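Below is one structure, written out as structure tokens; comments come after it.
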Amino acid sequence: MNRPSRQSMSKGIEGMVLARFVALVIAGLMLSAVTPTQAEEVDRIAAVVNDDIISIRDLDARVKLALVVSNLPDSLENRRRLLPQVMRKMIDEHLQMQEANRVKIQISSEELNRAIASIERQNRMKPGGLLAQLSNAGVDTDAVREQIRADIAWMRVVGRLLQPTVRVGEEEITERLDTIRQQIGRPEYMLAEIVLPVETPTQEEEARRLGERLLDQIKAGAPFQALARQFSQSSSASNGGMLGWIGESSLDDDWRDPVGRLDKGQISGLIRGSGGYSIVLVVDRRITGGSTEPDMMTLFRLVFPTPTGKPAPRDQLVAKATSMTATAKDCDTLEDLSNELNSTKSGRIENVRPAGLPPDVAKAIGGLPLGRASAPIESPDGLAVFMICSGGGTAGMPSRSQVRRQIEDERVELLARRHIRDLRRAAFVDFRL
């Protein structure tokens, strides 16, 4: 295989322009009722990412998925417009999976099924409804599963490689608390985002037009979280774009005015920031300091029973519990896990006040946002993992541990963006069309 020069390789994704894909669309991406000659065509190579191949068939499946999720008609023009963004996302996913393989991260079928079940619950679908619905719409469900697998793998890569490098000093926490204290009485927002980065001048028009189309589809009723999963190029995409509560003072300068004008449930226009375009949804809003009494909360307790017979070393049990719960984003997922484990000691704990929790449990969930599993702790029944299902929050001052986690999350997000950018720059990407 003849490879381009290092100079052409270094351009990577930056060298990708819309014109390169027009011929691809015209070449016959519609796969229904293909002739033998067309079947050979769709199995051609569209791009090579290091040692991985993206075929025209793969690309077509993902374009079809993007069309269905966006509620767009399956037309030649819509395919032409979506192709560059879809190709860029596929390349990133291949790089993410390659990085996961490099550090020996594997995603099991059970993890993948749990993630799909979580998406179904978020969208109020019956079990199995997601893939069935997409299949009925003509989408290759293998393409869906591979996209979700890449999302999970990247989360694990970030958690293993980048999270441990972040250090937050006590002075930083104090400064952040002082800033929050000055915002008492001012709004804070529960936000979700769709991020469309612009890294080269050639991507400017492409990202803007895609953002405008996404806005049109959201206004027409397309689910924000589904579009975020498919098109957003931020680490929040795997969680439907959800960012959690953000105070007014912590908003990016580009977001502060647009978001400040929105009420609960409203969506911003297309916001041009320093790194590209974004669309922001205000899921909820409240006043900082409006309450200082923590809410009653609901917890889920997942117990990993101690194996009978010769017990495994504790560090192995802890590693297993941590791995199985790392990607869980809601208590329903932990409930599914408890059923798989046949853990009769697991379950929800309703109407709990934080002050009434045992010290070890209070420490384990201290600073945890909703929908994040705690580290495993010892319990009489085995290792236990906790998650806050609802409540427990306050619009008053956060704890130091909550602020520490917020700063950590911000830095990990920045590191993740830099890491995927570095992977792109170092990659060998050869476009064959």
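Values as computed for the structure displayed
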read-out: Leading residue by the ranking (farthest from Cys389 (Cα to Cα)) among those in the range 314-342 that are in a helix (DSSP H, G or I) and of a type in the set (Asp, Glu); value: Asp315
read-out: Answer from Arg286, Arg229, Arg261 - the residue that is in contact (Cβ under 8 Å) with a residue 24 or more places away in the chain and under 26 Å from Arg176 (Cα atoms); value: Arg286
read-out: Those residues of the range 232-258 which are of a type in the set (Ser, Thr, Tyr), more than 20 Å from Ile180 (Cβ to Cβ) and open to solvent by 40 Å² or more (accessible area, probe 1.4 Å), in sequence order; value: Ser235
read-out: Positions within the range 240-253 being in contact with a Ser or Thr (Cβ under 7 Å, 6 or more places away or on another chain) and not in a strand (DSSP E or B), in sequence order; value: Gly241, Ser249
read-out: Unmet criterion (only one of (1) open to solvent by less than 20 Å² (accessible area, probe 1.4 Å); (2) without any contact (Cβ under 8 Å) to a residue 40 or more places away in the chain) for Val139; value: (2)
read-out: Search result, residues across the range 208-222 that are in contact with a helix residue (DSSP H, G or I) (Cβ under 8 Å, 6 or more places away or on another chain) and either open to solvent by 10 Å² or more (accessible area, probe 1.4 Å) or within 17 Å of Gln85 (Cα to Cα) (or both); value: Arg209, Leu210, Arg213, Leu214, Gln217, Ile218
read-out: Single residue of Arg272, Arg285 found to be over 30 Å from Leu341 (Cα atoms), touching a Phe, Trp or Tyr at 6+ places or on another chain (Cβ under 6 Å) and open to solvent by 60 Å² or more (accessible area, probe 1.4 Å); value: Arg285
read-out: Tally of residues being touching a Gly at 6+ places or on another chain (Cβ under 9 Å) and in a strand (DSSP E or B) across the range 343-387; value: 3
read-out: Qualifying residue in the range 162-180 (condition: closer than 28 Å to Trp245 by Cα, crowded, with 17+ Cβ neighbours inside 10 Å, of a type outside the set (Val, Ile, Thr) and modelled with pLDDT of 90 or more); value: yes
read-out: Options Phe386, Phe431; residue that is over 30 Å from Asp252 (Cβ atoms), among the aromatic types (Phe, Trp, Tyr) and either at pLDDT 85 or above or open to solvent by less than 10 Å² (accessible area, probe 1.4 Å) (or both); value: Phe386
read-out: Failed item, numbered, when Glu188 is tested on (1) touching an Asp or Glu at 6+ places or on another chain (Cβ under 9 Å); (2) modelled with pLDDT of 90 or more; value: (2)
read-out: Residue in the range 106-116 that is open to solvent by less than 20 Å² (accessible area, probe 1.4 Å), in a helix (DSSP H, G or I), closer than 30 Å to Lys219 by Cβ and at pLDDT below 90 present; value: yes
read-out: First in the range 341-366 and within 18 Å of Val303 (Cβ to Cβ), second anywhere and open to solvent by less than 30 Å² (accessible area, probe 1.4 Å) and among the small types (Gly, Ala, Ser), Cβ under 7 Å, 6 or more apart; value: Ser346/Ser338; Ala364/Ser374; Ile365/Ser374
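The values are calculated or read from the model by the stated rules, or taken from the named source; none is laboratory data. The shown structure was predicted, so the numbers you read here are calculated from the model rather than taken from an experiment. Here Cβ is always computed from backbone atoms with ideal geometry, including for glycine, and neighbour counts include all displayed protein chains. To get the accessible areas, we keep the full protein, side chains included, count just its heavy atoms, and leave off ligands, DNA and RNA. Shrake-Rupley method; radii C 1.70, N 1.55, O 1.52, S 1.80 Å.
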